[in-house]
Amino acid sequence: MVSVTVNLLINLLVILLGIIIHQIWRESNPNSRYPHKHSILITSSIVMTICMSFSFYEVVGIHYDLRRIPFWFGILYGGPLTGLILTILGIVIRLIQGGTGEFISISILILLFFLAVYLSPLYFRISSKQKLLLGVAVNIVFSFIFLIANSYFQEDLFHLGMWIEYILFNCFGIILVSCMFEMIHRNYLMRRKLIQSEKIEVLSQLAAAVNHEIKNPLTTSRGVLQLLKDDPDLLQEKKEYFLQLALDEIDNVDKVVTDYLTFAKPYTEKNDKFELNCAISNSIELLRPVISNTNTQIKAYNIPSCTIPGNLEQFIHAVVNIFNNSIETKSTFIEIYCEVTETTCQILIEDDGIGIEDEQLKNLGMPFYSNSSLGTGLGMMVVYRIIENLGGNIEVKSTKYIGTKVILTLPITTEN
């Protein structure tokens, strides 16, 4: 009795493990149908082999196991070719096992193969409940065929208790696997729909941002050029003013497009590296013309000369975006500190601006989110993407009306 229970549990366990392995395999490449087919074939073959190797009943060469469960679902979800391979595998294993029941077992495998292939189109058109009932009905019918056929050839094999247990074991397995397959498939479809809806939402936000941030400057530039064309007698001073306005608007478009491209495909060259102190100095110098018209002061304290793997221009782009955010929050000072360990460099950028509320802080870096009515949200998106591409981490802390701290943690290299 102990051996029967142990082998039955082994049958059920490997069937459940097979489903889990198949799901993990499928999730690893959800956009391709081939991993799905391959995982069904391999997991069904392994599970079927183990089930046939650990029969919970074996009477005068007749093996009682749960092989029909992986066989049934392998054909339905794997297709006719998978079913044919499983049929051949089952025949080979049964011939190796030998015994008086091999002809009946092989005949039932072949019949079940043709029936499963025939019912497969219907199976995927019916409801989950109907799938469950169909699987149970087919299993009961073939269980009776197997038991009656063996009892016919071996008259002493009729044991009512064993028959009931065998049928119930198979029915329980079919019900369990059917429910798991349906639950996994339902969850898989829900995740796919969620991912798709998120993509559509991002595209909608992208379209709105493009319409606002690119179309408006282009409309202004076109209006200016049309004015210059229609009124050639404009004063030279006004012409220069309008031309400069058009150039400024085109520069704004160029900046937005550059941010989009940086976010979509950041620089990925792994062989580049730069010196941190030079990068910080260059970032500050780029903003000198901007801060000259504000009350903001930028100071860097004891920036070490450490080497960071990555692209210099991308890092400067990220730091300048952080500085710009501080300037927009009416900061009077921006201070940069740095701490270096053996493997990392931590950069602290602190300001005394109006800060960010907790709810806004949670959404910082999200697609097209901005706490400024004039912003696109691209700035911090780009910062997060660049730091991530450099193999680093970014953390933002802020207190309303007190200031904001941005902490960048980046890997460093000791190569010369």
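The values are calculated or read from the model by the stated rules, or taken from the named source; none is laboratory data. Note that the coordinates shown come from a computational prediction; the quantities given were computed from them, not determined experimentally. For neighbour counting, all protein chains shown are included, and Cβ atoms are generated from backbone atoms with ideal geometry for every residue, glycine included. Quick note on the areas: whole protein, heavy atoms, side chains included, nothing else; ligands and nucleic acids left out. Shrake-Rupley method; radii C 1.70, N 1.55, O 1.52, S 1.80 Å.
At-a-glance table
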item: Any hit, region 112-129, residues being touching a strand residue (DSSP E or B) at 6+ places or on another chain (Cβ under 9 Å) and either surrounded by fewer than 17 Cβ atoms within 10 Å (Cβ to Cβ) or not in a helix (DSSP H, G or I) (or both); result: no
item: In region 397-412, the residues that are open to solvent by 30 Å² or more (accessible area, probe 1.4 Å) and either more than 23 Å from E342 (Cβ to Cβ) or not in a loop (DSSP other than H, G, I, E, B) (or both); result: K397, T399, K400, Y401, I402, K405, T409, P411
item: Residues located in region 283-303, provided they are within 40 Å of the chain's Cα centre (by Cα), closer than 26 Å to T343 by Cβ and open to solvent by 40 Å² or more (accessible area, probe 1.4 Å); result: A300
item: Single unsatisfied condition, S143 versus (1) in a helix (DSSP H, G or I); (2) open to solvent by 40 Å² or more (accessible area, probe 1.4 Å); (3) of a type in the set (S, T, N, Q); result: (2)
item: Verdict on S105 being among the small types (G, A, S), touching a helix residue (DSSP H, G or I) at 6+ places or on another chain (Cβ under 9 Å), open to solvent by less than 20 Å² (accessible area, probe 1.4 Å) and modelled with pLDDT under 85; result: yes
item: Boolean, I75 is open to solvent by less than 40 Å² (accessible area, probe 1.4 Å), modelled with pLDDT of 70 or more and in a helix (DSSP H, G or I); result: yes
item: Unmet requirement for P232, which otherwise passes all of (1) within 41 Å of the chain's Cα centre (by Cα); (2) modelled with pLDDT under 80; result: (1)
item: Subset tally (residues that are at pLDDT 80 or above and open to solvent by 50 Å² or more (accessible area, probe 1.4 Å)) for region 204-226; result: 6
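To keep it simple, each residue is scored yes or no on (1) more than 34 Å from the chain's Cα centre (by Cα); (2) modelled with pLDDT of 85 or more.
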site	(1), (2)
P30	no, no
I46	no, yes
V92	yes, yes
G98	yes, no
S127	no, yes
Q130	no, yes
